[in-house]
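*Asks:* First the structure, which I've put down as structure tokens, then a few questions once you've had a look.
We did not get these values from a lab; they are worked out from the coordinates using the rules stated. Treat the numbers as computed from the prediction; the structure is a model and nothing was measured. All Cβ positions, even for glycine, are placed from backbone atoms using ideal geometry, and neighbour counts span all protein chains on display.
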There are 2 protein chains.
Amino acid sequence: MTAPSKQAYVPFVSVANMMKLVLYVGLERVLTDLCAEIEDDFRRWGEFDKTPRVASHSDVGVIELMPTSDGETYGFKYVNGHPGNMKNGLQTVTAFGLLADVQTGYPILVSEMTLLTALRTAATSAMAAKWLAPKNARVMALIGNGAQAEFQALAFKAICGIEEVRFYDIDPAATAKCLENLKGSGIRLIACATAEAAIEGAQIITTVTADKQYATILSDNMVGTGVHINGVGGDCPGKTELHRDILLRSSIFVEYPPQTRVEGEIQALDPDHPVTELWQVITGVAAGRTAAAEVTLFDSVGFAIEDFAALRYVHGKVAQTGFCEQLDMIADPDDPRDLFGMLLRSA
Amino acid sequence: MTAPSKQAYVPFVSVANMMKLVLYVGLERVLTDLCAEIEDDFRRWGEFDKTPRVASHSDVGVIELMPTSDGETYGFKYVNGHPGNMKNGLQTVTAFGLLADVQTGYPILVSEMTLLTALRTAATSAMAAKWLAPKNARVMALIGNGAQAEFQALAFKAICGIEEVRFYDIDPAATAKCLENLKGSGIRLIACATAEAAIEGAQIITTVTADKQYATILSDNMVGTGVHINGVGGDCPGKTELHRDILLRSSIFVEYPPQTRVEGEIQALDPDHPVTELWQVITGVAAGRTAAAEVTLFDSVGFAIEDFAALRYVHGKVAQTGFCEQLDMIADPDDPRDLFGMLLRSA
């Protein structure tokens with residue numbers, strides 16, 4: 001049996017290699033880089049093939065495919081969301097992704113994306129806040145202290161200049177974990193006993209809880225004028241975090257309306273309730289925050305272009321650092337019509 | 001750095017391991033097994049989540065994601081179709097796929113599917129012919145002698161009792177390749193100089209060409225009464241093989257109408273032109289062939305449930321044989337909320 005050809009191999013970034021890569025580049029630097037990459041791709045929004053993700057729902061969770069293409073490179077992510085996983089010792093969200101060459105359809109990268117999704121979600125949140133939050137915001141409330149929490153805190157420090165993060169979770173052990181993990185981060189870390197206490201003095205409120213049900217993490221009276229809400233946890237049908245009254249007095253910014261209207265906080269609103277697309281703010285087509293007293297809401301559900309930007313970033317870094325393995329994933333006979341012969345001759 | 005947990009690993013079937021597995025089980029046996037597995041899943045059609053595949057088209061080809069779920073297991077395939085690849089020494093179609101546990105969303109198998117797609121496509125074609133072709137069909141014309149051809153020939157031998165295959169391709173080298181590869185197969189192999197000659201005496205006509213354009217591989221006068229046409233190559237918008245007049249006098253059988261109306265031969269017909277779903281024939285809900293003089297057409301485009309059945313088959317065989325590697329693809333911290341801590345401690 002002859003060895004597979006070079007075409008047969010696809011670079012694969014394992015979890016171990018992703019961790020090596022992130023630590024090699026530096027965590028805050030990766031978040032800042034990802035923010036820049038995602039912003040660049042949001043600036044050229046019109047170049048992308050866009051489609052709402054393809055979701056397969058069950059009683060316990062959802063499995064989604066998120067494809068996009070810029071005409072040169074195609075990318076997709078596989079991602080699940082299973083809020084009940086945690087009590088069984090499993091991740092709520094796991095993911096992997098792929099990039100391929102549009103000219104040939106051949107994959108050029110396969111990568112773990114559980115860590116990368118956490119990083120790109122945090123980078124996207126901070127990017128939105130950079131455009132929408134009050135200038136000189138220095139304090140953020142962080143409600144929901146699970147797997148996403150530290151990434152959010154660090155991204156808001158690195159990208160928005162947040163100096164103090166006020167943590168709240170229904171489970172104090174989750175908060176304690178965050179404080180332990182971030183103790184050397186340079187962020188002022190405050191553990192709070194209630195969501196109300198966490199919000200006190202915060203210019204930015206991030207909600208990132210995992211329950212798959214209509215929850216009210218924030219009620220209307222908790223949200224003062226002028227704050228920016230970064231709503232991350234409401235991200236599938238039936239899963240929201242904010243009371244409807246908050247939405248009604250907020251300026252709402254979204255990634256991709258056809259997806260967000262089904263999955264985001266705005267599923268609680270009329271289908272024609274006005275929202276602004278974030279890429280329009282970044283390109284100057286639409287206004288972001290227009291008044292100090294305005295409540296801005298980034299109704300984040302996660303969109304394929306963010307994963308695309310993250311995968312392209314990893315692809316570039318892997319080319320520089322070699323933090324990957326080679327997967328024998330593409331059947332590549334010498335004569336492309338002779339797939340059968342390749343099989344026979346492998347005997 | 002501690003080693004990844006057992007949860008982190010996903011079994012991966014490389015091209016090399018797929019070839020080992022197929023040769024270990026035996027090629028005709030794999031085709032017969034796949035036919036049975038696909039038929040079983042077509043019998044329980046109603047249990048599946050079904051959606052047309054998600055296609056990303058470009059000037060030179062298409063990249064598609066094909067998901068489905070039976071409520072217990074989720075599967076999807078990534079597949080491209082790039083007719084121009086061959087002249088650059090690349091495969092027209094490459095693919096890989098995944099199975100996941102619906103309860104947790106965790107992947108349970110990643111597999112090459114270039115070979116597996118060739119096998120399942122041939123098995124599906126032969127399954128359809130088993131239900132639709134004239135009884136005692138012994139001769140098949142095989143027009144288009146590329147990467148799919150030998151798999152089709154062998155599947156029709158193993159599953160339908162085809163004894164003679166008559167080959168035609170615009171490139172005689174492709175036909176010569178098929179005759180060489182199949183010389184020990186027990187099939188009577190006839191190379192033909194024209195499509196008309198290939199069709200002579202055939203009860204089954206298989207068309208499996210790759211051009212992405214409206215082509216007329218079969219014109220109306222070439223198709224006599226009573227034959228079964230297995231139309232495999234017409235499988236995306238703008239890519240058809242049969243003259244419209246053939247369609248108008250055929251009983252047409254399809255996999256999943258919402259997909260086939262866009263991608264199959266029937267894209268040339270009115271959107272309400274009557275077709276029968278193959279699963280309905282298998283379950284007895286609808287009739288298959290009802291007269292000896294009837295022209296039956298299986299307008300095959302390939303559907304996600306076929307890939308699902310094939311992946312489940314491979315999953316079972318890999319569990320028995322161990323023909324796989326383990327990919328470190330799932331970030332799995334000891335405390336599922338502590339993804340960040342896992343990253344920190346990996347330093």
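*Asks:* Once the convex hull of the C-alpha atoms of the stretch A:259-337 is built, how many Å³ does it hold per residue, rounded to a whole number?
*Replies:* 235 Å³
*Asks:* Provide the three semi-axes, in whole Å and in decreasing order, of the ellipsoid equivalent to the stretch A:1-70 as defined by the square roots of 5 times the Cα gyration tensor eigenvalues. Don't skip to the answer; put the middle values down first.
*Replies:* Values: eigenvalues 137, 109, 67 Å².
Square roots of five times the eigenvalues give 26, 23, 18 Å.
*Asks:* Based on alpha-carbon positions alone, could you give the equivalent ellipsoid semi-axes of the protein assembly as shown from the gyration tensor, as √(5λ), descending, whole Å? Numbers along the way, then the final one.
*Replies:* Details: eigenvalues 522, 130, 89 Å².
So the three semi-axes of the protein assembly as shown are 51, 26, 21 Å.
*Asks:* Tell me the relative contact order for the stretch B:109-227 as a rounded percent, counting alpha carbon contacts under 8 Å between residues six or more apart.
*Replies:* Numbers: 178 pairs, mean separation 35.7, N = 119.
About 30 percent, as a whole number.
*Asks:* Quick one: putting +1 on the C-beta of Lys and Arg, -1 on the C-beta of Asp and Glu, what dipole do you get for the stretch A:216-323 around its Cα centre, in Debye to the nearest 20? List each step's numbers first, then the result.
*Replies:* Values: 7 positive and 14 negative charges, 68 e Å.
With only Lys, Arg, Asp and Glu charged at Cβ, the dipole is about 320 debye.
*Asks:* Restricting things to alpha carbons, find the Rg to Rh ratio for the stretch A:228-275 using the Kirkwood radius for Rh.
*Replies:* Working: Rg = 9.5 Å, Rh = 10.6 Å.
Reported Rg/Rh (Cα atoms, Kirkwood Rh): 0.89.
*Asks:* Which of these, A:329, A:113, A:18, has the largest mean-square fluctuation under a Gaussian network model of chain A (Cα springs below 10 Å)?
*Replies:* Answer for the Gaussian network model of chain A: A:329.
*Asks:* Now a separate question. With no solvent and one point on each alpha carbon, what is the Debye value of log10 I(q)/I(0) for the stretch A:128-302 at q = 0.10, 0.15 Å⁻¹?
*Replies:* After summing over all Cα pairs, the log10 values are -0.34, -0.78.
*Asks:* Determine, for A:334, B:70, B:272, A:169, the number of other Cβ atoms within 10 Å of each Cβ, and report the residues in order from fewest to most. The partial results should precede the final answer.
*Replies:* Values: A:334 11, B:70 17, B:272 7, A:169 24.
Listed from fewest to most nearby Cβ atoms, that is B:272, A:334, B:70, A:169.
*Asks:* Could you please tell me the mean projected area of the C-alpha convex hull for chain B, averaged over all directions and given in square nanometres to one decimal? The partial results should precede the final answer.
*Replies:* Working: hull surface 75.4 nm².
If I average the Cα hull's projected area over directions, I get 18.8 nm².
*Asks:* Output the 0 to 90 degree angle, nearest 10, between the alpha-carbon long axis of helix B:27-43 and the longest principal axis computed from the alpha carbons of chain B.
*Replies:* 90 degrees
*Asks:* Across bins of 5 angstrom width beginning at 0, how are the C-alpha pair distances of the stretch B:201-319 distributed, in whole percent?
*Replies:* 2, 11, 21, 22, 19, 12, 7, 3, 2, 0, 0
*Asks:* If you take the alpha carbon radius of gyration of the stretch B:103-217 and divide it by 2.2 N^0.38 Å, what ratio comes out, to two decimals?
*Replies:* On the way: Rg = 15.5 Å, N = 115, 2.2 N^0.38 = 13.4 Å.
Compactness ratio reported: 1.16.
*Asks:* Average projected area of the Cα convex hull of the stretch B:154-200, in nm²? Working shown, then result.
*Replies:* Values: hull surface 12.6 nm².
Over every viewing direction, the Cα hull of the stretch B:154-200 projects on average to 3.2 nm².
*Asks:* For the stretch B:121-302, how many pairs of lysine residues have a Cα-Cα distance under 22 Å, where the two are 8 or more positions apart or belong to different chains?
*Replies:* Details: B:130/B:157; B:135/B:157; B:157/B:177; B:157/B:183; B:212/B:239.
Lysine pairs meeting the criterion: 5.
*Asks:* Please arrange B:51, A:68, B:283 by how many other C-beta atoms lie within 10 Å of their C-beta, fewest to most. Before the final figure, lay out each step's value.
*Replies:* Values: B:51 18, A:68 24, B:283 14.
Lowest to highest Cβ neighbour count: B:283, B:51, A:68.
*Asks:* May I have the pair-distance distribution P(r) for the stretch B:70-151, computed from all Cα-Cα distances with 5 Å bins from 0 and rounded to whole percent?
*Replies:* Bins of 5 Å from zero give 3, 12, 16, 18, 16, 13, 11, 8, 3, 1 percent of pairs.
*Asks:* Right, another one. Looking only at the protein assembly as shown, where both bridge partners belong to it, what percent of the DSSP beta bridges are antiparallel (to the nearest 5)? If you can, show how the numbers build up before the last one.
*Replies:* Numbers: 60 of 122 bridges.
Once the DSSP bridges in the protein assembly as shown are tallied, antiparallel ones form about 50 percent.
*Asks:* Sticking with this structure for a sec: With every atom except the alpha carbons ignored, what do you get for Rg and Dmax of the stretch A:53-103, in angstroms?
*Replies:* Calculated on Cα positions, Rg and Dmax stand at 13.6, 44 Å.
*Asks:* Further question: Measuring nothing but label to label, 7 Å from Cα along Cα→Cβ, what are residue B:135's distances to the other copies in nm, shortest first?
*Replies:* 8.7
*Asks:* Taking Cα pairs under 8 Å and at least six residues apart, what relative contact order does the stretch A:128-302 come out at, in percent?
*Replies:* Values: 375 pairs, mean separation 41.3, N = 175.
The normalised contact order for the stretch A:128-302 reaches 24 percent.
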